[in-house]
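Input: a single structure, listed below in structure tokens.
The values are calculated or read from the model by the stated rules, or taken from the named source; none is laboratory data. Note that the structure is a prediction, hence the values are computed from the model and not measured. Glycine also receives a Cβ, built like all others from the backbone with ideal geometry; neighbour counts cover every protein chain displayed. Each accessible area value is taken on the protein alone, full model and side chains, heavy atoms only, with ligands, DNA and RNA left out. Shrake-Rupley method; radii C 1.70, N 1.55, O 1.52, S 1.80 Å.
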Amino acid sequence: MPSYLIEYIMRVGIIGATGLVGRTTLSILEERNFPVSELTLFASERSAGQKIAFKGEEYEVMVVPENWDLLADVFFCSVSDDLTRPILEGYSGDAWIIDKSKVFRMDPAVPLVVPEVNADVLKTTSSKIIANPNCTTIPFVMALDAVRRVAGPERIVVTALQSASGAGKDALAELRLQREYLATGQEVPADAQEVFGRILASNLIPQIGSFDKSGESSEERKLRAESRKILDDARLPVYGTCVRVPVEVGHSLSVTFIFTEAVELKRIEKSLASYSGIKYLSGSHYFTPSQAAGKDEVYCCLLRHSPEDKKVIHMWITTDNLRKGAALNAVQIAECLI
Ligand SMILES: NC(=O)c1ccc[n+]([C@@H]2O[C@H](COP(=O)([O-])OP(=O)(O)OC[C@H]3O[C@@H](n4cnc5c(N)ncnc54)[C@H](OP(=O)(O)O)[C@@H]3O)[C@@H](O)[C@H]2O)c1
């Protein structure tokens, strides 16, 4: 954390403190020594009264009360879209809200921020709500921004391989339960397929969210629309496929950049290697999602030309969806606000 932050002590609130993103946010605030003067934790009635440790002290989880916004200067909101709406819609308080849901991401009045890419938008906004992008969009726009500093691709084709934790704690628990059934030779019952609607263990599910009339899933639509907003390019030619994979933590992307003319790999390597938040691995070195889990960086690897066309470049990206894909990005936004 930058040393100047020490001068700014803030009351911090976490809505959804018991979830995967909420708990990761707490770890990151502690790791980065974020200047917390008071901490208020909210979750559902199920968790009310539960104690969560932060910097050696225990904090009790509460349900969200009326006038919750008076209890902190900055809130990290990490609950489902359905819960975010009643809590935040019409919000006019003074506290900053950094929201992880999709609810405000495409609202023109609300900045959608990946600090390494577009922190500047925070300087001019009058919105007290700042939206955190989708966990696949964040690593994608960082890598694409680094590539675009060298040359703008004519088309970008992405296949996102998204871990179970991207769908929350119940999804992760369901994957683990399904594995247990399969490991003991049992059939996976319907009540162990409620979150994904299918068996994810030892499998892949080529659908995240709902399909629209064109056959595109809501997750694929988010990837394109959010990337366009963050990079301020309404025509950004992104073609995505989003697949749920039986990985616990760590989203990966196989990306193909298609240019109008040949681009030197060395220039893109240099741009990736010097980009804040990206760890570039050269040659045939690469990280898998489980290697990226628990780390802050976006790993960009296996950069290569198509053997038959120097206008085509491929890349493998992997990152921890709970950290840079969600909680770390949000804490970095709060650091920028300070
Ligand atoms: N997971 C990711 O990788 C990721 C990445 C980017 C964005 N996001 C977004 O971040 C948000 C949270 O995701 P998550 O993965 O952390 O979900 P999660 O693990 O399912 O956690 C959900 C949180 O919401 C709380 N909650 C449920 N009902 C509530 C209520 N009535 N009042 C207050 N809190 C309530 C839960 O509390 P209880 O424990 O009491 O149920 C829990 O703390 C979602 O909008 C998600 O789309 C997630």
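Here are the numbers for the structure shown:
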read-out: Pick from the range 1-30, criterion in a loop (DSSP other than H, G, I, E, B) and modelled with pLDDT under 95, ranking: nearest to the ligand (Cβ to nearest atom); value: Met1
read-out: Residue match in the range 316-325 (condition: open to solvent by less than 40 Å² (accessible area, probe 1.4 Å), assigned to a helix (DSSP H, G or I) and more than 16 Å from the ligand (Cβ to nearest atom)); value: no
read-out: Failed item, numbered, when Val147 is tested on (1) away from the ligand (no atom under 13 Å from the Cβ); (2) open to solvent by 10 Å² or more (accessible area, probe 1.4 Å); (3) more than 16 Å from the chain's Cα centre (by Cα); value: (2)
read-out: Answer from Leu272, Leu253 - the residue that is farther than 16 Å from Thr137 by Cα and open to solvent by less than 30 Å² (accessible area, probe 1.4 Å); value: Leu272
read-out: Residue check for Phe140: open to solvent by 10 Å² or more (accessible area, probe 1.4 Å), within 14 Å of the ligand (Cβ to nearest atom), of a type in the set (Phe, Trp, Tyr) and in contact with a helix residue (DSSP H, G or I) (Cβ under 7 Å, 6 or more places away or on another chain); value: no
read-out: Pair list, Cβ < 9 Å and 6+ apart or interchain, from the range 207-218 residues that are more than 19 Å from Phe196 (Cβ to Cβ) to residues that are open to solvent by 70 Å² or more (accessible area, probe 1.4 Å) and at pLDDT 95 or above; value: Asp212/Arg221
read-out: Single match in Glu248, Glu220 (criterion: in the same structural domain as Leu144 (by TED's automatic domain parsing), touching a Gly at 6+ places or on another chain (Cβ under 7 Å) and at pLDDT 95 or above); value: Glu220
read-out: Filtered residues of the range 65-99 (kept if more than 16 Å from Leu337 (Cβ to Cβ) and in contact with a Leu (Cβ under 9 Å, 6 or more places away or on another chain)); value: Pro65, Ser78
read-out: Options Ala143, Ala171, Ala201: the member that is in contact (Cβ under 8 Å) with a residue 12 or more places away in the chain, of a type outside the set (S, T, N, Q) and assigned to a loop (DSSP other than H, G, I, E, B); value: Ala201
read-out: Breaking point among (1) in contact with a Lys or Arg (Cβ under 9 Å, 6 or more places away or on another chain); (2) open to solvent by less than 10 Å² (accessible area, probe 1.4 Å); (3) away from the ligand (no atom under 16 Å from the Cβ), for Ala171; value: (3)
